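To keep things clear, I will list the structure first and then write my remarks on it.
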Amino acid sequence: MATVTFRNVNKRYPNGFHAVHDLDLEIADGEFVVLVGPSGCGKSTTLRMLAGLEEVTSGEILIGDSVVNDVEPGNRDIAMVFQNYALYPHMTVRQNLAFGLKMRRTPKAEIERRVADVAETLGISSMLDRRPRELSGGQRQRVALGRAIVRQPRAFLFDEPLSNLDAKLRVQMRAEIAALHQRLQTTMVYVTHDQVEAMTLGQRIVVMDGGVVQQADAPLAIYQNPANRFVAGFIGSPPMNFVRGRLEGDVFQHVGGEVLLANGDSAGGELPPTDGGSPPPRQLPTRQERPSAWSGPAWLGVRPEDLALDAGGPVLGEVTLDVVEQMGHESMGYFRLAGERCAMRLPADSGLAAGDHVRPRLRPGAWRLFADDAEGKRLL
């Protein structure tokens, strides 16, 4: 096992595209870190630089205490699991698992022992004499995992390994990969665009956008305290609701001109209805996270589960449900507030349908304010 360190790493392509900007990141020995972000954010490029498949333009990458910028991929003592499995089609499962060990001139008895152990761990012992074309997608992915595990590398790299599987298999394989990390306690770096995978797998999540790390923290910390509006909108399914407005002193008003938050939501004071006049605004609670002098355009952010019909906080006004999605264990209601598309979670037996009027309440302390600028930093 080993630590992985990125020191001011940049990747710029010959056409001038700057894929990764000044990346500083340290991954602890045995840690499971997930790089997540939209397509083109630089996460796969980061992984490929670590694997040695892309050259580093500037900066240093260390595995353990050794700088590996100029070390060939095969000499970095890492194993990579790809999106397309990358199995040898003419070889059996047994031969695929053993191939890397044979290349390293591992003794035959040791190869047989390791292959048998890994096959037992992954539940593919009965498939050792089959070829990849005879396997399902999930079985092929297990073989790809096994080929990496059997080498006993210092670190595992995963490049969107589950994206070709159906929804049910993705859930199953997520659980298997998480259990595998618990068993092996080996450093793992996992790339995905799926924030659900990131939340369920990673001990720490690194959210990237435009080649820049937006936030790196534990999954729950990122979910509850996103650093900026991009992170808040990317992490969460459905994503956080946003309503645009303006913060003046301690008063936030949405674009329609009505006071949307007032007097510390923990007090449970009711806000004015959307079609009525506004009472004298009450002050928002003072928080150290928000610069006291801030004023100007801002966004209110609140997650769908923090809007409820029976919450103890203030009412956001009366809204009309545009769509109600029945999901079995719960329902999702969609509506517009101050011109923005919003969602709220509803009980499965709420009986509500499209066209119904509701008055969602805000759970106390469950909202965030973000600056309305390019950075979108969290203010409160």
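Among the residues making up the stretch 102-133, those that are part of a loop (DSSP other than H, G, I, E, B) and either among the charged types (D, E, K, R) or loosely packed, with under 15 Cβ neighbours inside 10 Å (or both) are Arg104, Arg105, Pro107, Gly123, Asp129, Arg130, Arg131. For residues that are closer than 19 Å to Gln214 by Cα and among the polar types (S, T, N, Q), scanning just the stretch 1-58, find the one that is surrounded by the most Cβ atoms within 10 Å (Cβ to Cβ). The selected residue is Thr46. Hey, any hits in the stretch 247-266 for a residue that's within 30 Å of Ser39 (Cα to Cα), surrounded by 14 or more Cβ atoms within 10 Å (Cβ to Cβ), aliphatic (A, V, I, L, M) and modelled with pLDDT of 80 or more? The answer is no, given that none of the residues of the stretch 247-266 is within 30 Å of Ser39 (Cα to Cα), surrounded by 14 or more Cβ atoms within 10 Å (Cβ to Cβ), aliphatic (A, V, I, L, M) and modelled with pLDDT of 80 or more.
Against the definition (assigned to a helix (DSSP H, G or I) and aromatic (Phe, Trp, Tyr)), how does Phe99 come out, yes or no?
Details: assigned to a helix (DSSP H, G or I): yes; aromatic (Phe, Trp, Tyr): yes.
Taking the combined requirement at face value, the residue satisfies it.
Of the listed requirements (1) outside any helix (DSSP H, G or I); (2) within 23 Å of Gln95 (Cα to Cα); (3) in contact with a Gly (Cβ under 9 Å, 6 or more places away or on another chain), Phe158 misses just one: (3).
Would it be correct to say that Ser136 is loosely packed, with under 14 Cβ neighbours inside 10 Å, more than 29 Å from the chain's Cα centre (by Cα) and small (Gly, Ala, Ser)?
It is false that Ser136 is loosely packed, with under 14 Cβ neighbours inside 10 Å, more than 29 Å from the chain's Cα centre (by Cα) and small (Gly, Ala, Ser).
What's the total number of residues in the stretch 313-337 that are in a strand (DSSP E or B), among the charged types (D, E, K, R) and in contact (Cβ under 8 Å) with a residue 40 or more places away in the chain? Break it down into steps so the answer makes sense when it comes.
Filtering the stretch 313-337 down to residues in a strand (DSSP E or B) leaves 315, 319-326, 330-337.
Applying the additional criterion that residues be among the charged types (D, E, K, R) yields 322, 325, 330, 336.
Still in the list and also in contact (Cβ under 8 Å) with a residue 40 or more places away in the chain: none.
Looking only at that region, the number is 0.
Does any residue of the stretch 76-85 turn out to be part of a helix (DSSP H, G or I), in the same structural domain as Ala155 (by TED's automatic domain parsing) and not small (Gly, Ala, Ser)? Within the stretch 76-85, none of the residues are part of a helix (DSSP H, G or I), in the same structural domain as Ala155 (by TED's automatic domain parsing) and not small (Gly, Ala, Ser). If you go through the stretch 353-374 and keep only what is part of a loop (DSSP other than H, G, I, E, B), surrounded by 16 or more Cβ atoms within 10 Å (Cβ to Cβ) and among the hydrophobic types (A, V, I, L, M, F, W, C), you end up with just Ala366.
So for the stretch 174-191 (the condition being of a type in the set (S, T, N, Q) and closer than 27 Å to Glu340 by Cα), does at least one residue qualify? Spell out how you get there, then give the answer.
Quick first cut of the stretch 174-191, residues of a type in the set (S, T, N, Q) only: 182, 185-187.
Subsequent filtering for residues that are closer than 27 Å to Glu340 by Cα retains none.
Taking every residue of the stretch 174-191 in turn, none turns out to be of a type in the set (S, T, N, Q) and closer than 27 Å to Glu340 by Cα.
The values are calculated or read from the model by the stated rules, or taken from the named source; none is laboratory data. Model, not experiment: these values are computed from the prediction. Glycine also receives a Cβ, built like all others from the backbone with ideal geometry; neighbour counts cover every protein chain displayed.
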